[in-house]
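To start, the structure itself, in structure tokens.
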Amino acid sequence: MTSGPRANLLATLAGVALALSGSCAHAGTRPAFERLMGLLAARQRGSVTFTARTYAAGLTRPLQSAGILRYRAPDHLEQLTREPARSALILDGERLTVRRDGRTRHLNLRDYPDIAVYVAALRDTLGGRGAQLQRHFAIGWHGTLAHWQLTLRPLQHRARVRRIRLTGAAADIHSIEILAADGARTVMRLGPTPAT
């Protein structure tokens, strides 16, 4: 199983798609998909709470975490984990900052080409750029704009992620499920950010 910043980043980047019944069809043929992209493009920033569970071989129970996800157009993504321990993953452009256990580490996405494609695809989702999104993923669309499911399958054959499935209503994303090539699965539930 992938570990360290790479595994966390794959789960995080899917989760930060927060900014965020019909038959399954290619997204390009669905007017509701195009309307969703328009709604996401109009949203310049967003913040939601998250709870995540990761299931993997060898674990006797799922790994759980909770915190806040933030997005600011065009390419700023944050995951601020509060439980079980405080940590932060902050993506600005091509630079990833990891803060954990009192230490800060800086990484460049160019050094991680296997995840850079997902970063680009998720930014395209958040930015409502459906045509660019389709360069990296085969897109499945199910439902209506009021209740939809979007499935992203990487076009890259040696991808570390097999599938990302998002569900939502209009421009609000309610859940994200990430299925890794090794069978590990992460499920994130998103909710409103409490007023401060």
Selection count, the stretch 148-183, where residues are closer than 14 Å to Thr125 by Cβ, in a loop (DSSP other than H, G, I, E, B) and in contact with a strand residue (DSSP E or B) (Cβ under 7 Å, 6 or more places away or on another chain): 0
In the stretch 50-69, residue nearest to Asp182 (Cα to Cα) [restricted to those that are touching a Lys or Arg at 6+ places or on another chain (Cβ under 9 Å) and β-branched (Val, Ile, Thr)]: Thr54
Failed condition for His136, given (1) at pLDDT below 85; (2) closer than 18 Å to Arg43 by Cα: (2)
First in the stretch 120-139 and of a type outside the set (Lys, Arg) and crowded, with 20+ Cβ neighbours inside 10 Å, second anywhere and at pLDDT below 80 and not in a helix (DSSP H, G or I), Cβ under 7 Å, 6 or more apart: Leu122/Val16; Leu122/Ala17; Thr125/Ala17; Leu126/Ala17; Leu126/Ala19; Leu126/Leu20; Ile139/His26
Exclusive hit being touching a Lys or Arg at 6+ places or on another chain (Cβ under 9 Å), of a type in the set (Asp, Glu) and over 22 Å from Gln64 (Cα atoms), set Asp124, Asp182, Asp172: Asp124
Hey, Arg103 of a type in the set (D, E, K, R), over 16 Å from the mean Cα position of the chain (by Cα) and more than 20 Å from Val48 (Cα to Cα) or not: yes
Residues (acidic (Asp, Glu) and surrounded by 15 or more Cβ atoms within 10 Å (Cβ to Cβ)) located in the stretch 74-113: Asp75, Glu78
Among (1) surrounded by fewer than 19 Cβ atoms within 10 Å (Cβ to Cβ); (2) modelled with pLDDT under 85; (3) polar (S, T, N, Q); (4) under 17 Å from Ala32 (Cβ atoms), the one test that Thr144 misses: (2)
Residues (part of a loop (DSSP other than H, G, I, E, B) and of a type in the set (A, V, I, L, M)) located in the stretch 184-195: Ala184, Ala195
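The values are calculated or read from the model by the stated rules, or taken from the named source; none is laboratory data. Values in this document were obtained by computation on a predicted structure and should not be read as measured data. Using ideal geometry, Cβ is built from the backbone for each residue, glycine included, and neighbour counts are taken over all protein chains shown.
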